[in-house]
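Structure first, then comments.
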Amino acid sequence: MPVFDFANSPNETTTHECTYTTFSSNKPSASPSDPILVIDNHHKNWNHHSRGMFTNFVKRTSFEFSEENETISADITKVDSRFVSLLKWLGENHINVRLSGENTSEGYAVYKIQETSLGSGNKLSAEDGFLQFMMDRLFVSSSPNDEVDEEDEDLAEVGDSMKLTSLQSIKDFMTCAGKTLPANIRLWARRNLAVARSSEVTPEERRHAQRALSIMMNIQWKSNYFESIDPVEARRILDEELYGMERVKQRIIETIIQINRTHSLPAYGLLLVGPAGTGKSQIAYAVARILKLPWTTLDMSSINDPEQLTGSSRIYSNAKPGIIMEAFSMAGESNLVFIINELDKASSGKGNGNPADVLLTLLDNLGFTDNYIECMVPSVGVYPIATANDKDQISAPLMSRFAVIDIPDYTFEEKKIIFSKFAMPKVLRRMGLKEDECVITSEAVDAVIEKYSNTTGIRALEQAAEHMAANALYQIEVNHISKVIFDAKMVSDLLA
């Protein structure tokens, strides 16, 4: 359907004609077959690399090609709806660009837009990378809703490592992002931008508003559509991170493979319960890899006040966002895995409530509100994975939000294999030792496992491997011997 014209001169009295229609796309990149926009080439085939600018003070939505000291205008016929606001902004600010495209039966299909030089507007320079930043962000955003509301029009009035910090860059981003931002965040951003630019509020209020805007605008607000997972690849990743535990791996894949039919995250997160050192954290990292999502950790044992999670109010000069909001900011996107460590050790707080209960709103995927940001953050793209040693210490409301998977301790035989095939070779590689320089007999392996038979998990075995490899390296370097062969007695003496 036709949308806003690029021309937007307040003094223009002529009727502006929108020549293009919009189409919805969620492609993460563009190509001649999946372009950003299409320009009419009925009268002329345009060069693969063409320069010019999107029009502003003209009657028709078009692109003005600069060719051999003349300007030729051609109508725009189709635009990916995600990029409409960006193209309008480029036209309004007379920014010269270079298009990369291909002539097709539909027209000149543009799949790349690069800034070449600036016009007279006070905008970011090409070196700042703003246009490339916007392109990268829009490609990972969702197609905007076709509905237009008054707030969206009001808002227009007011890749990479780039960060939006200045008010000018934040305002430009808000304008270009348009309706690819969630509706509530668009309204919130408009109000906070007004505060940040107001002379009627205190400098402290302006500083907080600008900081909050910088945090929110630097987060990619992604859709809640998730690609299918490959169960064979998922199993390979789990095998890489975890030895044995076949039933655990099967249960994990059964839980997350729901994505293949629903293309949304499972209704329940994972709660991994088991003794210390049994690989619960490794499983969580593996699931994040399978889902192809960034991950962040919350260590509940170190949190004793709910405000650490929810942030503090802006009425305080030293106010700041909470840990959850900071996690979104560090990840740089709204879809991520929250690894909640030691959920059973969450403190009951210091009279201000239970920090663990704050997690309920996050786990329900209804949105999370940070006291500093003062905006509901969509949480439909958050997948929680919690770890615990004792599930009896976890409240019933929290337990009901998870699919509980019990992680058993390793058997004697499993520990032998883990020590011999995984722990020791890993340490040797890290220290630069060859396998024939540090030889461990089967009796020595049994002695190591027996030594730590009363401890759960494999952390003690990993530490033993570290100790033995370091001792072997010391003997080789100091005593000038070619190899060290550990037997049961040597192990007993070394680890005593």
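The values are calculated or read from the model by the stated rules, or taken from the named source; none is laboratory data. As the structure is a prediction and not an experimental result, all values here were calculated from the model. Neighbour counts run over all protein chains shown; Cβ positions are idealised from the backbone, glycine included.
Kindly provide the set of residues from region 362-377 that are in a loop (DSSP other than H, G, I, E, B) and within 21 Å of ARG314 (Cβ to Cβ), ordered by number.
First, pick out the residues of region 362-377 that are in a loop (DSSP other than H, G, I, E, B): 364-367, 370-375.
GLY367, ASP370, ASN371, TYR372, ILE373, GLU374, CYS375, listed by residue number.
Find all pairs meeting these conditions: Cβ atoms under 6 angstrom apart; at least six residues apart or on different chains; first residue within region 252-263 and outside the structural domain of TYR285 (by TED's automatic domain parsing); second residue part of a loop (DSSP other than H, G, I, E, B).
Note: no pairs meet the criteria.
Yes or no: GLU147 part of a loop (DSSP other than H, G, I, E, B), under 19 Å from VAL79 (Cβ atoms) and either modelled with pLDDT of 60 or more or over 20 Å from the mean Cα position of the chain (by Cα) (or both)? Can you show your working first?
Details: part of a loop (DSSP other than H, G, I, E, B): yes; under 19 Å from VAL79 (Cβ atoms): yes; either modelled with pLDDT of 60 or more or over 20 Å from the mean Cα position of the chain (by Cα) (or both): yes.
Spelling it out, GLU147 is indeed part of a loop (DSSP other than H, G, I, E, B), under 19 Å from VAL79 (Cβ atoms) and either modelled with pLDDT of 60 or more or over 20 Å from the mean Cα position of the chain (by Cα) (or both).
Of the residues that make up region 195-210, is at least one in contact with a Phe, Trp or Tyr (Cβ under 7 Å, 6 or more places away or on another chain), surrounded by 18 or more Cβ atoms within 10 Å (Cβ to Cβ) and not assigned by TED's automatic domain parsing to the domain that holds THR369?
As a first pass, look at region 195-210 and keep what is in contact with a Phe, Trp or Tyr (Cβ under 7 Å, 6 or more places away or on another chain): none.
No.
For region 378-413, name all the residues that are assigned to a strand (DSSP E or B), among the small types (Gly, Ala, Ser) and farther than 13 Å from LEU362 by Cβ. So that I can check it myself, show each step before the final result.
Step one: of region 378-413, the residues assigned to a strand (DSSP E or B) are 382-388, 402-406.
Checking which are among the small types (Gly, Ala, Ser) leaves us with 386, 388, 403.
Scanning region 378-413 gives ALA388, ALA403.
Find the helices (runs of 4 or more DSSP H) located wholly in region 197-302 whose residues include 1 or more that are within 19 Å of the chain's Cα centre (by Cα), and list them. First the steps, then the outcome.
Working: elements: 203-217, 231-241, 246-256, 259-262, 280-291.
Passing ranges, in order: 203-217, 246-256, 259-262, 280-291.
If you go through region 364-393 one residue at a time, how many are modelled with pLDDT of 85 or more, buried (at least 16 other Cβ atoms within 10 Å of the Cβ) and over 17 Å from GLU326 (Cα atoms)?
Matching residues across region 364-393 total 6.
Of the residues SER313, SER317, only one is of a type in the set (S, T, N, Q), assigned to a loop (DSSP other than H, G, I, E, B), modelled with pLDDT of 90 or more and loosely packed, with under 15 Cβ neighbours inside 10 Å; which?
On the way: SER317 fails: modelled with pLDDT of 90 or more.
Matching residue, one of SER313, SER317: SER313.
Which residue, of ASP128, ASP34, ASP40, is charged (D, E, K, R), under 29 Å from LEU181 (Cβ atoms) and modelled with pLDDT of 90 or more?
Numbers: ASP128 fails: modelled with pLDDT of 90 or more; ASP40 fails: under 29 Å from LEU181 (Cβ atoms).
Of ASP128, ASP34, ASP40, the one residue that is charged (D, E, K, R), under 29 Å from LEU181 (Cβ atoms) and modelled with pLDDT of 90 or more is ASP34.
Hey, can you tell me all the residues within region 479-496 that are farther than 13 Å from THR441 by Cα, assigned to a helix (DSSP H, G or I) and over 48 Å from the mean Cα position of the chain (by Cα)?
If the condition is that a residue be farther than 13 Å from THR441 by Cα, assigned to a helix (DSSP H, G or I) and over 48 Å from the mean Cα position of the chain (by Cα), then ASN479, ASP493 are the ones that fit.
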